[in-house]
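FYI, it's all coordinate maths here, none of it is from the lab. Computed from a predicted model, the values in this text were never measured in an experiment. Because the Cβ atoms are built from the backbone with ideal geometry, glycine has one as well, and the counts that use them run over all protein chains shown.
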Amino acid sequence: MTDIPYLQEYEKIASPNDRTFTVKELIIYLTMFHPDVKVYCTWEGIIREIIENNIYISKTGSLYIDADDNFYKDDFKMKQDKE
């Protein structure tokens, strides 16, 4: 259990049937698109770039791609040994 227990509940709400892609499934799906196509995240009318800083492993062990300009990243991100 993470020190932020509601993250696991939020993940269940976001994907109640556990339908979200795995990394492997996402990679396979993305091969359908031209490799030079730009990729963005959207959330409630905002458009955000996807850069290394916006992708991280959460405290639940899931991969998060942040569309909220890293607003909650410090709370949600799994701490690394070097941090």
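Go through (1) under 18 Å from K73 (Cβ atoms); (2) in contact with a Leu (Cβ under 7 Å, 6 or more places away or on another chain) for V23 and report which single condition fails.
(1)
Could you list, in sequence order, all residues of the stretch 26-69 that are acidic (D, E), over 21 Å from L7 (Cα atoms) and within 14 Å of the chain's Cα centre (by Cα)?
Residues of the stretch 26-69 acidic (D, E): 36, 44, 49, 52, 66, 68-69.
Add one more test, that the residue is over 21 Å from L7 (Cα atoms), and what stays is 36, 49, 52.
Passing the criteria: E49, E52.
Picking from E44, E25, E49, E11, which residue would you name as being among the charged types (D, E, K, R) and at positive phi? I'd like the intermediate steps shown before the answer.
Working: E25 fails: at positive phi; E49 fails: at positive phi; E11 fails: at positive phi.
Sole residue among the options that is among the charged types (D, E, K, R) and at positive phi: E44.
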